[in-house]
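Chemist: Have a look at the structure that comes next, please.
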Amino acid sequence: MSEERSLNFIEEIIENDLNSGKYETLITRFPPEPNGYLHIGHAKAICLNFGLTKKYGGYTNLRFDDTNPTTEKTEYVDSQQADIKWLGFEWKNELYTSDYFDLLYGFAVKLIGKGLAYVDHSTAEDIAALKGTPTEPGKDSPYRNRSIEENLDLFSRMKAGEFADGACTLRAKIDMASPNMIMRDPIIYRIKHAEHHRTGNQWCIYPMYDFAHGQSDSIEHVTHSICTLEYVSHRELYDWCIEKLEIYPSKQYEFARLNLSYTVMSKRKLLQLVNEGVVTGWDDPRMPTISGLRRRGYTPESIREFCDRIGIAKRENLIELSLLEFCVREHLNKTANRVMAVLDPIKLVITNYPADKEELLIGENNPEAEDKGGNREIPFSNELWIEREDFMEEPAKKWFRLAPGAVVRLKHAYIVKCEDFVKDAEGNVTEIHCTYIPESKSGEDTSGINVKGTIHWVSTRHAKSAEVRMYDRLFSVESPDGEEGDFKDYLNPNSIEIIKQAYIEPYLATADADARYQFIRKGYYCLDKDSTSEHLIFNRTVSLKDAWTKGNK
RNA sequence: UGCCCGAUAGUAUAAAGGUAGUACAACGGUUUUUGGUACCGUUUGUCUAGGUUCGAAUCCUGGUCGGGCAACCA
């Protein structure tokens, strides 16, 4: 595809490492904690890690970083796997940090044996108090100089379950005065009498992230361990552990995480939206989760393209939602069949078309596809639904659609001229009367008439009903995290608009659950998972670009 | 106030001391049986002050601004 593209800084490092012979095989890993659903930010990391080994050879492991039994669930493991597969990636090995609990325990014992770890009976408060501050050094714990033998004994008793949660911890003995707070004798094991989703009740002590991640990378001989920027200060500890344990030296590299405008990305906040019923679930089509985007109608291709275009760097960023929308429009434009659906119907009567006459017109499914997507038949009659907004009693300047006396083409059908319209008591237009020009039929037009506007329609007699859910951005401000107060104060009250009865052409009655459609002139839509053959429900993935409303608001 | 990371159009991202480029966005135009697509064009940029150099976005020094670090979370 893109031959001459410049490399991001990680690719540069990798090419150097590969060219210098430092590594023969590139090994990366994607290490989610199974405590929530994957989101578009994870997609960036997934595309990076899997993309690198796809490009340079080698492989990528999927490793569930499951060292905290109280937050993790099998449900999340399953959804995360499904999402990665859906995105189009295959991992080499399915691994779990919990697979290494025995090895990790051994590493801890080794550290104690070297006099580099000790059991601390201080309370959490005491530990915090002695930690110091960024500007003041910390102070040694009174338990810091216990003997190796005592520590070994205590640690084995921790494992044996002799102590209650919080009674003590295992700490690395590093430097309480380190300018890097992370290095001030970090806790590396804590007691949790909790059931783990994989190891059950086998363990009551669990390693901390800092004592599990680098070691796991090392065990798997991960060459490039890629994570986000907030782990920069952890790298010193990552390297320290590997050095002291004398194990395979995996290397950590950090890049800036994705921030996307008009949404939030933290699992905590997303969970809050789910729990408080702001959205219907993790896969609500407004959620930035992979499952939400999938349900919304986004394609794996478009998400991969997006991740490719945003690039990899180390500076904080806020990507505009419009880029994601561009990517999905670009893909769907080439792949989605065009259909006609009227979302806000008003009746159009063709007064000179026989009431008992019907025609089957031919519609090209996708002019952008190489094979044009084939054709379909569209029934036509004298009574049609058209879009209410396609008629203006008093037309604006440069109005190309219907208005008294104006002519437009009905897509795939005839040119019609607006002769009259009917209003109800409140003054709302209820019906539009037109005459059609028989010799203007699509494909065999001999009328010689040129019209500026083409509108979509559905024959009232043949139309099917459907519910249409129109989604918009979840938040009304670019950066809900950056605003004053609670992020939920900035929810977009119009993030969903439900149209209970829209009219769709009969072709859509047999819509494919996995297919995406372009509702001509409106946007891209797909069937929602709640849809049934009796009650069709479509989700709007994204609207079409609209130069008219934009320029005339 | 300590340590660490960073700073290039509105937003992202390139330019490994030598023409500041690309994409999205915005704006204008051409084509069009989707006011879509496609195509063409326009606007907008190196945080700042010094230094090194024939030449600095790039190297050095100071400053400014943004972010991270003081969970028995990851």
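Chemist: Within the stretch A:240-256, track down each residue that is in contact (Cβ under 8 Å) with a residue 24 or more places away in the chain and outside any loop (DSSP other than H, G, I, E, B).
Modeler: Scanning the stretch A:240-256 gives A:Trp240, A:Cys241, A:Ile242, A:Lys244, A:Leu245, A:Lys251, A:Gln252, A:Tyr253, A:Glu254, A:Phe255.
Chemist: I want to confirm something. Restricting to the stretch A:284-331 and keeping residues that are of a type in the set (Asp, Glu) and part of a loop (DSSP other than H, G, I, E, B), which single residue is surrounded by the fewest Cβ atoms within 10 Å (Cβ to Cβ)?
Modeler: From the stretch A:284-331, those of a type in the set (Asp, Glu) are A:284, A:301, A:305, A:308, A:316, A:320, A:325, A:330; that's our starting set.
Among the residues that remain, those that are also part of a loop (DSSP other than H, G, I, E, B) are: A:284, A:316, A:320.
Working: A:Asp284: 21, A:Glu316: 9, A:Glu320: 13.
My answer is A:Glu316.
Chemist: Here's another thing I want to ask about it. I'd like to verify a number: residues in the stretch A:1-49 that are farther than 18 Å from A:Lys85 by Cβ, crowded, with 23+ Cβ neighbours inside 10 Å and charged (D, E, K, R), how many?
Modeler: 0
Chemist: Please go through the stretch A:429-444 and give me each residue that is part of a helix (DSSP H, G or I) and either away from RNA strand B (no atom under 13 Å from the Cβ) or free of Cβ contacts under 8 Å to residues at least 12 places away in the same chain (or both), ordered by number. Spell out how you get there, then give the answer.
Modeler: So the first thing to find is which residues in the stretch A:429-444 are part of a helix (DSSP H, G or I), and the list is A:438-440.
Scanning the stretch A:429-444 gives a single hit, A:Glu439.
Chemist: Would you point out the residue of the stretch A:348-365, among those that are among the charged types (D, E, K, R) and open to solvent by 50 Å² or more (accessible area, probe 1.4 Å), that is farthest from RNA strand B (Cβ to nearest atom)?
Modeler: In this case the residue turns out to be A:Asp356.
Chemist: Filter the stretch A:509-531 down to residues that are over 21 Å from the mean Cα position of the chain (by Cα) and modelled with pLDDT of 95 or more and give me whichever is most open to solvent (accessible area, probe 1.4 Å).
Modeler: First, the residues of the stretch A:509-531 that are over 21 Å from the mean Cα position of the chain (by Cα): A:509-512, A:518-522, A:531.
Filter once more, so that each one left must be modelled with pLDDT of 95 or more: A:518-522, A:531.
Working: A:Gln518: 17, A:Phe519: 0, A:Ile520: 19, A:Arg521: 87, A:Lys522: 44, A:Ser531: 28 Å².
Step by step, filter the stretch A:509-531, then rank; the result is A:Arg521.
Chemist: Select, from A:Glu136, A:Glu90, the only residue that is charged (D, E, K, R), under 39 Å from the mean Cα position of the chain (by Cα) and open to solvent by 40 Å² or more (accessible area, probe 1.4 Å).
Modeler: On the way: A:Glu136 fails: under 39 Å from the mean Cα position of the chain (by Cα).
Only one candidate qualifies: A:Glu90.
Chemist: Now for a different question. So, A:Tyr76, is that one within 16 Å of RNA strand B (Cβ to nearest atom) and surrounded by fewer than 23 Cβ atoms within 10 Å (Cβ to Cβ) or not?
Modeler: Considered against the rule, which asks whether it is within 16 Å of RNA strand B (Cβ to nearest atom) and surrounded by fewer than 23 Cβ atoms within 10 Å (Cβ to Cβ), A:Tyr76 comes out as yes.
Chemist: Looking at A:Leu7, A:Leu18, A:Leu26, A:Leu52, can you tell me which residue is without any contact (Cβ under 8 Å) to a residue 40 or more places away in the chain, more than 16 Å from the chain's Cα centre (by Cα) and more than 11 Å from RNA strand B (Cβ to nearest atom)? Outline the logic, then answer.
Modeler: Working: A:Leu7 fails: more than 11 Å from RNA strand B (Cβ to nearest atom); A:Leu26 fails: without any contact (Cβ under 8 Å) to a residue 40 or more places away in the chain; A:Leu52 fails: without any contact (Cβ under 8 Å) to a residue 40 or more places away in the chain.
So the residue among A:Leu7, A:Leu18, A:Leu26, A:Leu52 that is without any contact (Cβ under 8 Å) to a residue 40 or more places away in the chain, more than 16 Å from the chain's Cα centre (by Cα) and more than 11 Å from RNA strand B (Cβ to nearest atom) is A:Leu18.
Chemist: Turning to a different aspect of this structure: What residue, among those in the stretch A:380-413 that are open to solvent by 30 Å² or more (accessible area, probe 1.4 Å) and in contact with a Leu (Cβ under 8 Å, 6 or more places away or on another chain), is farthest from A:Ser442 (Cα to Cα)?
Modeler: Once the filter is applied, the top-ranked residue is A:Met392.
The values are calculated or read from the model by the stated rules, or taken from the named source; none is laboratory data. Keep in mind the model is a prediction, meaning the values are calculated, not measured. Neighbour counts run over all protein chains shown; Cβ positions are idealised from the backbone, glycine included. Side chains included, ligands, DNA and RNA excluded: accessible areas come from the protein's heavy atoms. Shrake-Rupley method; radii C 1.70, N 1.55, O 1.52, S 1.80 Å.
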